Amino acid sequence: MNNNELPLWEVFIQPKTGAQFQHCGSVHAADKEMALQNARDLYTRRQEGTCIWVVKAEHIISSNPDDSESFFDPADDKVYRYPTFFKVSKKAKGL
Amino acid sequence: MSTTQETTFQGKIDKGLKIEPRDWMPDKYRTHLIRQISQHAHSEVIGMQPEGNWITRAPSLRAKMVLIAKVQDEAGHGLYLYSACETLGITRDELISQLHTGKAKYSNIFNYPTLTWADIGAIGWLVDGAAIVNQQSLRGTSYGPYSRAMIRICKEESFHQRQGYEIMSKMANGTPEQQEMAQDALDRWWWPSLMMFGPHDLDSAHTSNAMNWKIKRETNDELRQLFVDRSVKQADLIGLKIPDPDLKWNQETRHYEFGEIDWDEFWKVINGDGFCNKERLNNHTTAHTKGQWVREAALAYAEKRNNGVNHE
C-alpha cells in the first residue's frame, strides 16, 4: 500500500449567486489550487455552481450526534422565538 | 456492542431516517456498506475501459464528444462513490489496494469486450439501463452519503442511456450490416446485463441484512424484472429481438417471463475467468503505479510551499 495518499478536502458549492453554499462531497488534492480544480472537474460538470469552497477535511469540527439531544435542547422550550406564540387581533394588519 | 445502541439504530432505519457518518452503526452494517459502495465505485472506474476503447474510433465528431463526456461522467461517479465510502472510515489507498489484490470486486459486466461500435450503443442502453434501475432504487438507501451520491448519479446517468439507445436505434434502422451489428451487440450484452442484478434472492448471501437495514430497498429479482419489462418494449420499438426463446408476456402478472440465466458463466467470470478480467485490472494497476511519481511530486511541492519557499 502507498503512504502518499493526497489529503482529503470537503467541497461546498454555491449553486447560484446569492444562494447558500452546500456541502456536496470531497476530493483528494495536494494543495488548495489542485483541490479547487478537482472540485470543479468533479462537481460542476453541468454548471452546478457559481462558486466553490474547499476546506481540508481535518479542519472541519462536527458536533457529536450521540450528544445531539443535550446539545440542542436549550432551544426546546423557547416557543416565544416563533411569531405564532403571540396572540394579536386579526384586525391588526402588517404584523 | 450495546443493545440500546442497536435498538436506536434500527429504530431510525425503521422510521426511514438516514444514518450519517458519525452516527453509531453496527460493524456489519459498516462492512456491508464498504463492500457494496466500493464495488460500485470500482465498477464505475473500471467501466471507463470498455467504452474508452472506442473513443479514438467513434464514427463522428459528435459521437466522439458525447462518448468522452460519458466516460468522464463514469470517472465522476466513481469519485462520488469513493467519497461516500471514505466517510465510513476507510482510506482511498485501502480501497484501491483492495481492488488490486482482488479483495474487492467490480461489476462482472465490464469483463466483456467491446467488439463493434454497436457495443457502445448496447452498453449505454442495457448496461447503463440496468445500472439506472439499481441506482434509482438505491436513492432510498439508509446511509446518507450513499443516498446523496445516488441521487446525483441518477440525474447524470439518464443521458447515458439515451445516447446508447440512440446509437442502437440508428443502427437498427441503418444498412443491413449495421442492423446485423446492432442485433449481434444485443445478443452478446443481453444476458450479462441481466446478471448485473446479482444472484437470485434465495442464493444471494447479502440480501437479508441489506433489506432489514434498508441498504437495499428492492431485491435482485425485483429489480431484474423491472429491467426486463422496460427493455423488451424498447427493443420492440426499434425492431431488435431479445435473444431469449422463453421470453413471453404474462397477462396475469403483467410482467415478462424470461429464461434462466447461465449462472455457471456468472460465477466463472466473477472468479476471474472472463474475457477481459486480466486486462482491466492490469490497466488500472499500471495507471495507478505510473501515477505514483505525480502524487509524490505534488505532495513535495505542497510541502515546500507550506514551508515558505514559494517560487511563484
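The values are calculated or read from the model by the stated rules, or taken from the named source; none is laboratory data. Since the model is a prediction, treat every value here as computed from it, not as a measurement. Backbone-built Cβ (ideal geometry, glycine too); neighbour counts: all protein chains shown. In case anyone asks, the SASA skips ligands and DNA or RNA and just uses the protein heavy atoms, side chains included. Shrake-Rupley method; radii C 1.70, N 1.55, O 1.52, S 1.80 Å.
Does B:Lys170 satisfy being out of contact with any strand residue (DSSP E or B) (no Cβ under 7 Å at 6 or more places or on another chain), within 22 Å of B:Val66 (Cα to Cα) and at pLDDT below 95? Against the criterion (out of contact with any strand residue (DSSP E or B) (no Cβ under 7 Å at 6 or more places or on another chain), within 22 Å of B:Val66 (Cα to Cα) and at pLDDT below 95), B:Lys170 does not qualify. You will find that of B:Tyr146, B:Tyr106, the residue that is within 14 Å of another protein chain (Cβ to nearest Cβ), surrounded by 19 or more Cβ atoms within 10 Å (Cβ to Cβ), out of contact with any strand residue (DSSP E or B) (no Cβ under 6 Å at 6 or more places or on another chain) and not aliphatic (A, V, I, L, M) is B:Tyr146 and no other. Listed by first and then second residue, the pairs linking a residue in region B:164-192 that is over 18 Å from B:Ala131 (Cβ atoms) to a residue that is in a helix (DSSP H, G or I) and open to solvent by 50 Å² or more (accessible area, probe 1.4 Å), with Cβ atoms under 7 Å apart and 6 or more places separating them unless they lie on different chains, are B:Met171/B:Gln178; B:Met171/B:Gln179; B:Met171/B:Met181; B:Ala172/B:Gln179. Of all residues in region B:16-42, those that are within 14 Å of chain A (Cβ to nearest Cβ) and open to solvent by 40 Å² or more (accessible area, probe 1.4 Å) have Cβ atoms under 8 Å from Cβ atoms of residues that are in a helix (DSSP H, G or I) and acidic (Asp, Glu), 6 or more apart or on another chain, in B:Trp24/A:Asp66.
Figure legend. Inter-residue proximity from region A:5-25: first residues at positive phi and within 9 Å of chain B (Cβ to nearest Cβ), second residues hydrophobic (A, V, I, L, M, F, W, C) and surrounded by 16 or more Cβ atoms within 10 Å (Cβ to Cβ), beta-carbon distance below 9 Å, spacing 6+ or different chains. Indicated pairs: A:Gly25/A:Val11; A:Gly25/A:Ala39; A:Gly25/A:Leu42; A:Gly25/B:Leu79; A:Gly25/B:Ala84; A:Gly25/B:Ala149. Counted as qualifying within region B:1-104 are the helices (runs of 4 or more DSSP H) with 1 or more residues that are basic (Lys, Arg), namely B:3-14, B:27-46, B:61-86, B:92-101. When you check B:Ile46 against the structure, is it under 24 Å from B:Arg139 (Cβ atoms), within 14 Å of chain A (Cβ to nearest Cβ) and buried (at least 22 other Cβ atoms within 10 Å of the Cβ), yes or no? No, not satisfied.
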